[in-house]
Amino acid sequence: MTPTIGILIFDGVEELDFVGPWEVLCAAAYEREGTRVLLIAERDGPVTCANGMRVLPDATIGDAPRLDVILVPGGEGTRREATNRALLDWIAGVARNCQWVTSVCTGSLLLAAAGLCDGKRVTTHWDFVPALRALGRAEVLDGPRYVRDGNLVTAAGVSAGIDMALWLVGQIWDPNFARRVQKMIQYDPAPPYQADV
């Protein structure tokens, strides 16, 4: 399979929410000729991320190609974009034809606002679990790094998007290939300060 994968970006997007999965998916694309990974924004021009990184999109919602996978990251900008009808309608329309619809962190709030979480099991950043539950559209799980319900896959906060993207690579191709990608990017977390010494 040679999918076209779109990662939505917007002002206030959390950098690692999309850059972590971008790294995983581009590493996979490097070995799977024809696979495309695109950054997509509502408009042309630089997108200013939550911590100040400026990024240029590859396409806009008006000229993006047909997508097989959509990834919606989180960040402070999701609060504003949750009322952006044009963007939400685009997400909902694109999702109808996608093999996988995914989010990282508070990107799940945009999926919910687009009507894609109704009756589903989902997750988000631990601090936004109450807000997502308050929408009353989904069963919100607090604790898992990512949750799959059908073709909808939602990841918890920030770094959980890397785990979800590696799982997704295993689903699109196969788990052994996902393990190779994990090794290629040397993703072997060993967080410091796990216990007092």
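What to note about this one:
- Subset of region 56-79 [more than 19 Å from Val158 (Cβ to Cβ) and of a type in the set (D, E, K, R)]: Asp58, Asp63, Arg66, Asp68
- Across region 118-130, the number of residues qualifying as over 24 Å from Val19 (Cβ atoms) and either touching a Gly at 6+ places or on another chain (Cβ under 6 Å) or surrounded by 15 or more Cβ atoms within 10 Å (Cβ to Cβ) (or both) comes to 2.
- Of the strands (runs of 3 or more DSSP E) entirely within region 1-104, those holding at least 3 residues that are on the phi < 0 side of the Ramachandran plot and open to solvent by less than 10 Å² (accessible area, probe 1.4 Å) occupy 4-8, 69-72, 100-104.
- Contacts under 6 angstrom Cβ, first residue in region 16-32 being in contact (Cβ under 8 Å) with a residue 40 or more places away in the chain, partner open to solvent by 60 Å² or more (accessible area, probe 1.4 Å), 6 or more apart: Ala27/Met184
- Test: residue in region 142-150 that is closer than 23 Å to Val19 by Cα, at pLDDT 95 or above, among the basic types (Lys, Arg) and in a helix (DSSP H, G or I): no
- Options Gly136, Gly157: the member that is more than 19 Å from the chain's Cα centre (by Cα) and either more than 20 Å from Thr83 (Cα to Cα) or open to solvent by less than 70 Å² (accessible area, probe 1.4 Å) (or both): Gly136
The values are calculated or read from the model by the stated rules, or taken from the named source; none is laboratory data. None of these values were measured; they are calculated from a predicted model. Neighbour counts are summed over all protein chains in view; Cβ atoms, including those assigned to glycine, are modelled from backbone coordinates with ideal geometry. Accessible surface areas use protein heavy atoms only, side chains included; no ligands, DNA or RNA. Shrake-Rupley method; radii C 1.70, N 1.55, O 1.52, S 1.80 Å.
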